[in-house]
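Read the structure below first, then the notes.
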Amino acid sequence: MSDDLNNQQLESESSDDEQEKIIEGDILEELAKEPTSPEEELQSLRQEMAEAETKAQEYLDGWQRARAEFANYKKRVERDQASVRQMAAANIYKNYLEVVDDIERALKDRPEDDEGAAWAAGIELIYRKLLSNMEVDGITVMVTQDQFFDPNIHEAISSEDTEDFESGQIVEVLKNGYLVGDKVLRPALVRVAQ
């Protein structure tokens with residue numbers, strides 16, 4: 001039994017010696033890594049600072065890029081939503097364009113007497129209000145009188161010889177055309193000079 005105790009004591013002492021040697025080795029390695037002079041220590045600190053600044057700049061660049069991408073995404077979503085709202089309004093107003101045409105024709109032949117003139121003035125107020133509501137939703141009347149025919153935005157009903165207009169110029173607008181933003185909602189119905 002005493003032999004066992006001696007063996008355990010010897011093993012314990014040898015493991016303590018080994019641990020001391022390992023700790024000494026680690027300390028010596030750390031000391032070997034550390035600069036021995038203030039200049040080397042300063043150089044090491046500058047290098048660490050430069051690495052930290054590089055990482056900070058990378059993080060800042062990534063953050064700024066992500067922020068810009070989010071801002072662009074937000075603008076795109078808002079623009080798409082506005083476009084959808086505008087097209088929905090355009091589809092609703094498209095049904096009423098024939099009514100607007102009827103009001104325009106009625107106003108061309110407005111009565112001149114007292115009672116008729118007051119009635120026509122009321123109808124014209126309604127007409128202007130309808131047009132202003134359409135403009136709020138992005139729908140505008142095309143300016144076509146005295147313009148040149150463009151098949152992308154005009155629909156020609158007839159062409160005629162006339163000396164008052166150049167060839168290809170619009171002589172008369174039979175039905176106004178309408179735009180939604182820069183897109184054609186309805187082409188203008190026109191007569192064109194030959």
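Data table
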{"quantity": "Some residue of the stretch 143-157 being touching a helix residue (DSSP H, G or I) at 6+ places or on another chain (Cβ under 7 Å), surrounded by fewer than 18 Cβ atoms within 10 Å (Cβ to Cβ) and part of a loop (DSSP other than H, G, I, E, B)", "calculated": "no"}
{"quantity": "Verdict on residue 124 being charged (D, E, K, R), more than 16 Å from residue 189 (Cβ to Cβ) and either in a helix (DSSP H, G or I) or modelled with pLDDT under 90 (or both)", "calculated": "yes"}
{"quantity": "Sole residue being acidic (Asp, Glu) and in a helix (DSSP H, G or I), chosen from 112, 98", "calculated": "98"}
{"quantity": "Sole exception among (1) under 15 Å from residue 187 (Cα atoms); (2) not assigned by TED's automatic domain parsing to the domain that holds residue 173 for residue 156, by number", "calculated": "(2)"}
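The values are calculated or read from the model by the stated rules, or taken from the named source; none is laboratory data. Quick caveat, the model's predicted, so the values are computed rather than measured. Note that we place each Cβ from the backbone using ideal geometry, even for glycine, and neighbour counts take in every protein chain shown.
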